[in-house]
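Here the structure comes first, spelled out in structure tokens, and everything after it is commentary.
The values are calculated or read from the model by the stated rules, or taken from the named source; none is laboratory data. As the structure is a computational prediction, the values presented were derived from the model and not from experiment. Cβ atoms come from the backbone with ideal geometry, glycine included; neighbour counts cover every protein chain shown.
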């Protein structure tokens, strides 16, 4: 998937303008990079448009363990959005990531997330 298509889908799904959707995407990817292992974040970056890779580059080993509510709180803090808008927006980004990457990569990402994250990712198959 090309960057413009990715950005347009996130904007449409989040009901935000393109600039706010871009900030939301960056915040969601940065937060995801904290929640999954550094190796997995780099694998994800390899399948996303080059414009999105920087948000995943600082991923550390090992992953931090935190709840979906903390995930949303971090996205809200990074974007200045309220938590309800951040939750809906993070879901929009995650759905778009799911469409943009190979199925095996998506499975690798979601295998590192507890089932409570299904509210952002859709069903997680373990």
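Answer yes or no as to whether residue 24 is more than 11 Å from residue 89 (Cα to Cα) and either assigned to a helix (DSSP H, G or I) or touching a residue at least 40 places away in the same chain (Cβ under 8 Å) (or both).
No.
What number of residues within the range 7-33 satisfy the criterion of being surrounded by fewer than 19 Cβ atoms within 10 Å (Cβ to Cβ) and under 13 Å from the mean Cα position of the chain (by Cα)?
The qualifying residues number 2.
Name every residue in the range 70-126 that is farther than 20 Å from residue 53 by Cβ and assigned to a loop (DSSP other than H, G, I, E, B), in order of residue number.
Selection gives 80, 81, 82, 111, 113, 114, 122, 123, 124, 125, 126.
Please go through the range 48-100 and pick out each residue that is surrounded by 15 or more Cβ atoms within 10 Å (Cβ to Cβ), more than 17 Å from residue 26 (Cβ to Cβ) and either under 13 Å from the mean Cα position of the chain (by Cα) or at pLDDT 95 or above (or both).
Across the range 48-100, the qualifying residues are 68, 98.
Would you call residue 40 more than 19 Å from residue 2 (Cα to Cα), out of contact with any helix residue (DSSP H, G or I) (no Cβ under 7 Å at 6 or more places or on another chain), assigned to a helix (DSSP H, G or I) and modelled with pLDDT of 95 or more?
Considered against the rule, which asks whether it is more than 19 Å from residue 2 (Cα to Cα), out of contact with any helix residue (DSSP H, G or I) (no Cβ under 7 Å at 6 or more places or on another chain), assigned to a helix (DSSP H, G or I) and modelled with pLDDT of 95 or more, residue 40 comes out as no.
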